[in-house]
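**Q** This is the structure I want to talk about, given as structure tokens.
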Amino acid sequence: MVKLKEPVHITFEELDDVVYLLKKVADYDLSGYSKSSLKRRVQRLMAMESMDLIDLKNAILNVNGFFGYFIQEITVNVTEMFRDPPFYQELRNAVFPYLQTYPQLRVWSAGCATGEEAYSLSILLQEEKLLNRSFIYGTDISQQAINTAKKGVYTVEKIKSYTENYNRVGMNSKFSDHYTAMYDAVIINNEYRNSILFSNHNLVSDNVFNEFQLICCRNVLIYFDKELQQRVLNVFYESLSLFGFLCLGTKESLYRQEMNANFKVINKSLNIYQKIK
Amino acid sequence: MAQAEDIILIGGSAGSYGVIVNMLESIPAKISSAIIVIIHRNAKYPTQMEKSLTLKLKRPILSAEDKVTIEGNNIYFASPGYHLLVEPDHTFSLDISDPVNFSRPSIDVLFESAAEVYTTRCTALLLSGANNDGAYGIKRVEFFGGTSIIQDPNDALINTMPNSAITTSSKANVLKNKEIINYFCSIK
Ligand SMILES: C[S@@+](CC[C@H](N)C(=O)[O-])C[C@H]1O[C@@H](n2cnc3c(N)ncnc32)[C@H](O)[C@@H]1O
């Protein structure tokens, strides 16, 4: 873990200046992000680098490669395999029986961070004998996270906590059947790594790139304001085949969204929805 | 109810639940402030805290939901597993970044972000607990001109958290449980 130096504080106006600058020089639009958490992340980065606001703006303007680093550090990539075990149970019980009827399945893990969610989905699909007709796309705005995802290598320490989640899902196989232990890390088995394409995709500005039967976008919308949430939900709506499924995080509901008339609720507390028109 | 002009934050950890219930029991039937409660609890084992308190207090105890406007007369609880922040437009937002002081939600994170948005109209109370969460948050509340109250360590079941906040605070009111309850009887 990175040890933080003295806390740095900026105002919301100063945050707006930084957002404006990023839009101008890098064409990255962070104006729809939740301001308080974005501010926290920017302050954290400034503290880590011992930067004041002038240093930060200067780096954005003049330092090669700083921008990628900025995105890497302000995004929150915290994730787990089989995060929220009840969600994966419900996916298997309420959604997969329906997916059985498709000859081919395309699955999108949007905002997949370092890949854990996409790998979890592929393991669950395998368990239900669906993996051989599935293809999974894992996308994220952070290139650094995508690079980690592609490797499919996780520390033994992380695997320990993922195993707890996995065991709570109640699978037929052992978690260790799905990876190969190396020295102080494990690598997810080839069959899973080959079933996923990880790539960079920005939900703020990029558009529909395929048609999916299942989209998981969990713990990403909380970082967006209402308008941006709506934009992104619209991208998901357009990317889903009719009767396809949309899964959001446990604190991300369609309930207050305009979009909700187009979806049927499959599970209210786990936020699983099906496109019905 | 309309958007709240004033907010009262309550942060507690181990040993704080009982006094929080007493506090909430003593508030007037209608208030114009919003109350936001954050208690450390384990996200892996869901509790029915909001539900059982709703029954007990005969008034709705809400979960603080993402992007919902903070309204007067409402009592919100921070959901386990997520940091809770306040946005400049007086809505909540959630965040799942790393724990702070081993806690998610962290009292520091909520107090700091609410303090900046509500400035002088923010009151923060820090109660019993076995860690140092909240001390920095109390400092930030004071920095932005808000009111800070810390439970008297002698009245706290576990006094680590109040003690640590008293050490770093510049002007907190250190109150006995009875005084805290009196304060809640008269909030507007
Ligand atoms: C907290 S992680 C969620 C990981 C995983 N879905 C889960 O629930 O465990 C949020 C992810 O959203 C990504 N993200 C943020 N803004 C994005 C954007 N505009 N487009 C795509 N991904 C974005 C971040 O880089 C981060 O990896």
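**Q** Lys/Arg Cβ at +1, Asp/Glu Cβ at -1, dipole of chain A taken about the Cα centre: which of A:Gln126, A:Leu246, A:Gly138 is farthest positive-ward?
**A** Result: A:Gln126, furthest along the dipole toward the positive end.
**Q** Could you state the number of Å between the C-alpha centres of the range A:98-160 and the range B:137-188?
**A** Result: 47 Å between the Cα centres.
**Q** Sticking with this one: Calculated FRET efficiency, A:Asn210 and B:Ser32, Cβ-Cβ r, R0 51 Å, to nearest 0.05? Mind showing how you got there, number by number?
**A** Numbers: r = 51 Å, r/R0 = 0.99.
Efficiency for this residue pair is about 0.50.
**Q** Only four residue types carry charge here, +1 at the Cβ of Lys and Arg and -1 at the Cβ of Asp and Glu. Report the dipole size of chain B about the Cα centre in Debye, rounded to the nearest 20.
**A** Working: 16 positive and 19 negative charges, 120 e Å.
Once rounded to the nearest 20, the dipole reads 580 debye.
**Q** Hey, in the GNM for chain A with a 10 angstrom Cα cutoff, which one of A:Thr155, A:Thr11, A:Thr79 fluctuates hardest?
**A** A:Thr11
**Q** Let me ask another. Magnitude of the Cβ-charge dipole of the protein assembly as shown, K/R +1 and D/E -1, about the Cα centre, nearest 20 debye? Write down the numbers at each step before the final one.
**A** Numbers: 47 positive and 50 negative charges, 229 e Å.
Computed about the Cα centre, the dipole is about 1100 debye.
**Q** On to the next question. For a quick check: with amide H placed at 1.01 Å from N, whose amide H comes under 5 Å from A:Gly244's, ignoring anything fewer than 5 positions away on the same chain?
**A** For A:Gly244, whose amide H was placed from the backbone, the distant partners under 5 Å are A:Lys275.
**Q** Using the 2.2 N^0.38 Å rule of thumb for compact globular proteins, work out how chain B stacks up: its C-alpha Rg over that value, please.
**A** Values: Rg = 14.7 Å, N = 188, 2.2 N^0.38 = 16.1 Å.
Compactness ratio reported: 0.91.
**Q** Determine the shape class of the range B:1-106: with a ≥ b ≥ c the square roots of the Cα gyration tensor eigenvalues, call it rounded for a/c under 1.5, and otherwise prolate if a/b is greater than b/c, oblate otherwise.
**A** Values: a/c = 1.82, a/b = 1.14, b/c = 1.60.
Taking the square roots of the gyration eigenvalues as a ≥ b ≥ c, the range B:1-106 is oblate.
**Q** Going by average Cβ neighbours within 10 Å, how do the peptides B:93-106, A:187-200 rank, with the highest at the top?
**A** Working: B:93-106: 20.9, A:187-200: 16.9.
Sorting B:93-106, A:187-200 by mean packing, highest first, produces B:93-106, A:187-200.
**Q** Run the dipole for the range B:118-188 about the Cα centre, Lys and Arg Cβ at +1, Asp and Glu Cβ at -1, nothing else charged, and hand back the magnitude in debye, nearest 20.
**A** Values: 7 positive and 5 negative charges, 51 e Å.
Its charge dipole is roughly 240 debye.
**Q** Give the relative contact order (percent, whole number) for the range A:85-275; include only Cα pairs under 8 Å separated by 6+ residues. Can you show the working numbers first?
**A** Numbers: 302 pairs, mean separation 41.8, N = 191.
Taking the mean separation of contacting Cα pairs over the length of the range A:85-275, I get 22 percent.
**Q** Let me ask something else. So what is the relative contact order for chain B, in percent, with contacts set as C-alpha pairs under 8 Å and at least six apart? Walk me through the numbers before you get to the answer.
**A** Numbers: 446 pairs, mean separation 44.8, N = 188.
Normalised by residue count, the contact order of chain B is 24 percent.
**Q** List the lysines whose Cα lies under 20 Å from the Cα of B:Lys67, skipping any in the same chain that are fewer than 8 positions away.
**A** The reachable lysines, counting only those whose Cα sits under 20 Å from B:Lys67, are A:Lys35, A:Lys39, A:Lys226, A:Lys251, A:Lys268.
**Q** Could you pull out every residue, at least 5 positions away or on a different chain, whose amide H is within less than 5 Å of the one on B:Ser79? Hs are placed 1.01 Å off N in the peptide plane, and Pro or chain starts have none.
**A** Under 5 Å from the amide H of B:Ser79: B:Ala64.
**Q** Name the shape class, rounded, prolate or oblate, that the alpha-carbon gyration tensor gives for the range B:104-188, where a ≥ b ≥ c are the square roots of its eigenvalues, rounded holds for a/c under 1.5, and otherwise prolate holds if a/b is larger than b/c and oblate otherwise.
**A** Judged from the Cα gyration tensor, the range B:104-188 comes out oblate (a/c at least 1.5, b/c at or above a/b).
**Q** Quickly estimate the mean residue ellipticity at 222 nm for chain A, helices only: each DSSP H run with n ≥ 4 gives -39500 (n - 2.57), and the total goes over all residues, rounded to 500.
**A** Here the helix-only value at 222 nm equals -12000 deg cm²/dmol.
**Q** On the Cα set of the range A:123-277, report Rg and Dmax in Å, please.
**A** 16.8, 51
**Q** Name the shape class, rounded, prolate or oblate, that the alpha-carbon gyration tensor gives for the range A:12-74, where a ≥ b ≥ c are the square roots of its eigenvalues, rounded holds for a/c under 1.5, and otherwise prolate holds if a/b is larger than b/c and oblate otherwise. Numbers along the way, then the final one.
**A** Details: a/c = 1.42, a/b = 1.08, b/c = 1.31.
Verdict is rounded for the range A:12-74.
**Q** Taking R0 as 41 Å, what FRET efficiency do you get between A:Asp177 and A:Leu21 from their Cβ-Cβ distance, rounded to the nearest 0.05?
**A** Values: r = 49 Å, r/R0 = 1.20.
Calculated transfer efficiency: 0.25.
**Q** Which FRET efficiency value, to the nearest 0.05, do you get for A:Lys150 and B:Lys56 by plugging their Cβ-Cβ distance into 1/(1 + (r/R0)^6) with R0 = 51 Å? Before the final figure, lay out each step's value.
**A** On the way: r = 51 Å, r/R0 = 1.00.
Working from the Cβ atoms, E equals 0.50.
**Q** Using a Gaussian network model on chain B with a 10 Å cutoff between Cα atoms, which of B:Leu110, B:Leu62, B:Leu127 fluctuates the most?
**A** Fluctuation is largest for B:Leu62.
**Q** Continuing with this model, one more query. Show that you can apply the helix-only estimate: for chain B, add -39,500 (n - 2.57) for every DSSP H stretch of four or more residues, divide by all residues, and state [θ] at 222 nm to the nearest 500. Numbers along the way, then the final one.
**A** Values: 6 runs with 58 residues, N = 188.
Counting only the DSSP helices, I get -9000 deg cm²/dmol.
**Q** Taking θ as phi - 60°, what are the ³J(HN,Hα) couplings along the range B:28-36 by the Karplus curve (6.51, -1.76, 1.60), each to the nearest whole Hz, with x for Gly and Pro?
**A** Coupling constants for the range B:28-36: x, 4, 10, 10, 9, 6, 9, 10, 10 Hz.
**Q** Amide H neighbours of A:Ser134 under 5 Å, counting only residues 5+ apart in sequence or on other chains, H built in-plane at 1.01 Å?
**A** A:Leu105
Just so you know, all these numbers are worked out from the coordinates, no wet-lab data involved. Note that the structure is a prediction, hence the values are computed from the model and not measured. A quick note on method: Cβ atoms are made from the backbone with ideal geometry, for glycine too, and the neighbour counts reach across all protein chains shown.
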